[in-house]
Amino acid sequence: MNSFFYIMLFIFGTLFGSFASVIIYRIKSGESGIFNGRSHCGSCNKILRALDLIPIFSYLFNKGKCYSCSKQVSAIYPFLEISTGFLFAFIAYFLIDFTLILNGNSIEIIKLIFFLLIGFFTIIYTFYDILFLEIPEIILGLGIIGITIILSAQTLFPSFHIISNIPAGVESISLGIQAIILSIIILIGLYIVMLKGLHEVADVSIVVGSILALYIFKVFYGIHLTEIAIFNGLIGAGAIFIFFFLQILVSKGAWMGGGDLRIAIFIGLILGVSLSFPGMMATYVAGSFLSFGYIISAKIKNKGGALETQVPFGPFLAIGFFITLFYQVDILKFIEIYF
């Protein structure tokens, strides 16, 4: 029964992967109706047939070409669909209790939907970065808003425990509401920094001011900030954000950009305090191996010619993020034993 559940989620994931490729194209082209409208060929604008909308198999049936204009279709699109299918299945396998789903547990069902959406958004920004070396602001913006809503509910209601590595509940509803308001204000401030519309002094002032605001809140109420869900996620996000922000300041934007700061908030809110550092470790380990492989393959392909060494960082963040989530129990046990 479990295997059937995972197979169905894989198929479901490939469908969402196909939809993700459409969203990626429409965001880049500026086409209206990002989430609606008929799918069409990007070359001849011919409306796709029902057969052309079947994930993976449509690519095989048409031999990697548009049925109308015979324009070659990039192999990255079926790869995107397969990746989404596997990601959906892995999310269910590692993060979801299938027995609770069968018993109709509403919290577990919400948890499944939440993490599938996180996986969907991650696929979009990852492949967008691979294709265009850019990060789509609208996707990460929607994701951050959604995660903030989940963390806010987890702060106020102890039974609403969606992100398991972050605590749920708070001493009083009033304290929880104040924590949520402060967190939203800080996130807005960090978003302003992400826009890169201010001078460095103003950016640093916002970051330092956010840290001071959290410290004052902690001292005033005499609490541990990490015991409050919204603060736990915010501190995890802030730690990754500051780590990236410092790299941007040092390199004058050569190493990273505003898009990476958005991903930092997106993944950090979920990883929280306990998993933010392991998440970054996994990211840089994955980045080291994959970047090395990419550079070697590019060098072989160019046969000693000029080598384009600009490598998208979004995929490494996504890989590190999900490796950390999937193996969080083992990671936390390791930290507890050795640190």
The listed residue being crowded, with 21+ Cβ neighbours inside 10 Å and either within 19 Å of residue 225 (Cβ to Cβ) or not assigned by TED's automatic domain parsing to the domain that holds residue 113 (or both), out of 205, 183, 172: 183
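Would you mind finding the one in 256, 281 that is out of contact with any strand residue (DSSP E or B) (no Cβ under 7 Å at 6 or more places or on another chain), touching a residue at least 12 places away in the same chain (Cβ under 8 Å) and not in a helix (DSSP H, G or I)? Show your work before the answer.
Numbers: 281 fails: not in a helix (DSSP H, G or I).
From the options 256, 281, the qualifying one is 256.
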Out of 273, 204, 219, I need the residue that is among the hydrophobic types (A, V, I, L, M, F, W, C) and at pLDDT below 95. Which one? 204
Result of the Cβ filter at 7 Å on the range 74-99, keeping first residues that are assigned by TED's automatic domain parsing to the domain that holds residue 2 and closer than 15 Å to residue 116 by Cα and partners that are surrounded by fewer than 23 Cβ atoms within 10 Å (Cβ to Cβ) and acidic (Asp, Glu), at least 6 apart or interchain, is 96/108; 97/108
May I ask you to list the residues in the range 222-261 that are exposed (fewer than 15 other Cβ atoms within 10 Å of the Cβ) and hydroxyl-bearing (Ser, Thr, Tyr)? 251
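Counting just the residues of the range 237-253 that are among the small types (Gly, Ala, Ser), over 15 Å from the mean Cα position of the chain (by Cα) and part of a helix (DSSP H, G or I), which one comes out nearest to residue 138 (Cα to Cα)? It would help to see each step written out before you state the result.
As a first pass, look at the range 237-253 and keep what is among the small types (Gly, Ala, Ser): 237-239, 251, 253.
Now restrict to residues that are over 15 Å from the mean Cα position of the chain (by Cα): 238-239, 251, 253.
Filter once more, so that each one left must be part of a helix (DSSP H, G or I): 238-239, 251.
On the way: 238: 20, 239: 23, 251: 26 Å.
Filtering the range 237-253 for residues that are among the small types (Gly, Ala, Ser), over 15 Å from the mean Cα position of the chain (by Cα) and part of a helix (DSSP H, G or I), the one nearest to residue 138 (Cα to Cα) comes out as 238.
Give 91, 101 a once-over and let me know the one that is buried (at least 19 other Cβ atoms within 10 Å of the Cβ) and either closer than 18 Å to residue 9 by Cβ or modelled with pLDDT of 90 or more (or both). Show your work before the answer.
Numbers: 101 fails: buried (at least 19 other Cβ atoms within 10 Å of the Cβ).
Testing whether each residue is buried (at least 19 other Cβ atoms within 10 Å of the Cβ) and either closer than 18 Å to residue 9 by Cβ or modelled with pLDDT of 90 or more (or both) leaves just 91.
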Can you name the number of the only condition in (1) touching a residue at least 24 places away in the same chain (Cβ under 8 Å); (2) surrounded by fewer than 16 Cβ atoms within 10 Å (Cβ to Cβ) that residue 121 fails? (2)
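Taking the range 97-119 as the search range and keeping residues that are polar (S, T, N, Q) and part of a loop (DSSP other than H, G, I, E, B), which one is farthest from residue 162 (Cα to Cα)?
To start, the set of residues in the range 97-119 that are polar (S, T, N, Q) comprises 99, 103, 105-106.
Add one more test, that the residue is part of a loop (DSSP other than H, G, I, E, B), and what stays is 103, 105.
Working: 103: 17, 105: 12 Å.
If we take residues in the range 97-119 being polar (S, T, N, Q) and part of a loop (DSSP other than H, G, I, E, B), then 103 is farthest from residue 162 (Cα to Cα).
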Of the residues in the range 275-288, those that are among the hydroxyl-bearing types (Ser, Thr, Tyr) and buried (at least 20 other Cβ atoms within 10 Å of the Cβ) come to 276, 283
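The values are calculated or read from the model by the stated rules, or taken from the named source; none is laboratory data. The shown structure was predicted, so the numbers you read here are calculated from the model rather than taken from an experiment. Cβ sites come from the backbone with ideal geometry, for glycine too, and all protein chains shown count toward neighbours.
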